[in-house]
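Participant: Below you will find the structure I want to go over with you.
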Ligand code: MTE
């Protein structure tokens, strides 16, 4: 027996740590791959359980998929491992000097880890989205260069010395002193730094009807998490002498060509949570994420996090702007649209194993994933490997913070048989993530926004992992 610290007793045997994962095909999602996934999903819907068994059978019979790929990571040849026995050049010669690269980049061996577009999703790259590669990240923080992007009219690198932030009222009495701030003036004020997730309301939107895309990057990648630094909006409005008796809503406006405006309820602002932010992960915001100024509205859908923020107006009623009236509304089963659904409800997803990855061996795996809620903290994540018949409670990795991603993990020994891997999160308000069946009973199938259903990954006997839906 080998004592592996921190592992459950049933995992305490030699070889338990041998199981390997082949990475998801991060670099080659094409239109054909998407069409294949959708066709398989349509076929699967006619008899899902039959298809689970059949899929495993076909892969095993063809000898295709995972096992064959095990060779991609060969075991040491007899006579010793040359990577140990032969001294590599990097132990014998001088390496590169300091400051070779004034702003460091990831290793060239990590070149595939990129945010990526989904082919055919939008007609132009200016009104589009890039998805964050969740399958390749650790912990909870998204490296700024991999943060997902959603632009309505393209992004700009705005000169901060020319950028202005204006606060005004909907009438002359709403603010005693309307003000205009330069970036220097804003950055001289006391600031706060907080970790929060941002999720586009359309995240997982393609999956409302059926399985649509193969990997977690595309099912859940309109999601990122950063430490944001800025000034609470309440402080700035108070400096302007806001009339809190009449002021009930604020309108936030961006400086790009999309006329992006969103109504923010004053309760959120007065709680101190809403930030006028310039910092992201210890440095200035990236241009794609709103440099030099963006609104941070914790727990609320991404569209309200107005980028390139140039104006906030305090008023006494919601503004019913185009991005509130015709976009970002929920189509309900009775044909009516629900507007102003803004909180991102409790949700989670397993990132390993996830679609496109291949389990190369039977044995130990650390199932790992992310959970979050726009209503507060994550208090529990349950994981099932048999399609929801049995659940086990996962470990929550610290820190666990309000309206922030939480990393969870669970020890699992894969026996080589088909497995249906799912996670179900519960938040500090007692909300539990719904199944597709529960969500569709209330919301139907034809929505775009606010899909927080439980995600299922099918691990086939071949080790290949696929996106499936159980109801
Ligand atoms: N703000 C402006 N000015 N213009 C935009 O196109 N897109 C919104 C929001 N803020 C947008 C904007 C949407 S729909 C989302 S989901 C988030 O920004 C995405 O933020 P990110 O690009 O930093 O991920």
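Participant: Residue under question is residue 127, and the condition is that it be at pLDDT below 95, within 16 Å of the ligand (Cβ to nearest atom) and more than 29 Å from residue 371 (Cβ to Cβ); does it hold?
Facilitator: Criteria met by residue 127.
Participant: Okay, next question. Provide a single number: the residues in segment 280-307 that are within 22 Å of residue 175 (Cβ to Cβ) and within 9 Å of the ligand (Cβ to nearest atom).
Facilitator: Count: 4.
Participant: For segment 142-152, give me each residue that is near the ligand (Cβ under 6 Å from one of its atoms) and either within 12 Å of the chain's Cα centre (by Cα) or part of a loop (DSSP other than H, G, I, E, B) (or both).
Facilitator: 147, 148, 149, 152
Participant: Please find, among 274, 211, 234, the residue that is more than 16 Å from the ligand (Cβ to nearest atom) and within 24 Å of the chain's Cα centre (by Cα).
Facilitator: That would be 211, the only listed residue that is more than 16 Å from the ligand (Cβ to nearest atom) and within 24 Å of the chain's Cα centre (by Cα).
Participant: Determine whether residue 396 is in contact (Cβ under 8 Å) with a residue 40 or more places away in the chain and surrounded by fewer than 24 Cβ atoms within 10 Å (Cβ to Cβ).
Facilitator: no
Participant: Can you say whether residue 454 is touching a residue at least 12 places away in the same chain (Cβ under 8 Å), part of a strand (DSSP E or B) and under 22 Å from residue 197 (Cα atoms), as far as the supplied structure shows?
Facilitator: no
Participant: Test residue 139 against the stated conditions and say whether it is assigned to a loop (DSSP other than H, G, I, E, B) and at positive phi.
Facilitator: yes
Participant: Go through 171, 157 for me and flag whichever is surrounded by fewer than 16 Cβ atoms within 10 Å (Cβ to Cβ), more than 30 Å from residue 215 (Cα to Cα) and either within 16 Å of the ligand (Cβ to nearest atom) or at pLDDT below 95 (or both).
Facilitator: Exactly one of 171, 157 is surrounded by fewer than 16 Cβ atoms within 10 Å (Cβ to Cβ), more than 30 Å from residue 215 (Cα to Cα) and either within 16 Å of the ligand (Cβ to nearest atom) or at pLDDT below 95 (or both), namely 157.
Participant: Ok, one more. Go through (1) in a loop (DSSP other than H, G, I, E, B); (2) without any contact (Cβ under 8 Å) to a residue 60 or more places away in the chain; (3) surrounded by 19 or more Cβ atoms within 10 Å (Cβ to Cβ) one by one and return the number of the condition residue 356 breaks.
Facilitator: Result: residue 356 passes all but (2).
Participant: Exactly one of (1) within 11 Å of the ligand (Cβ to nearest atom); (2) at pLDDT 95 or above is unmet by residue 94. Its number?
Facilitator: Here residue 94 clears every test but (1).
The values are calculated or read from the model by the stated rules, or taken from the named source; none is laboratory data. All figures in this text were calculated on a predicted structure; none of them were measured in a lab. Virtual Cβ from ideal backbone geometry, glycine too; neighbours counted across all protein chains shown.
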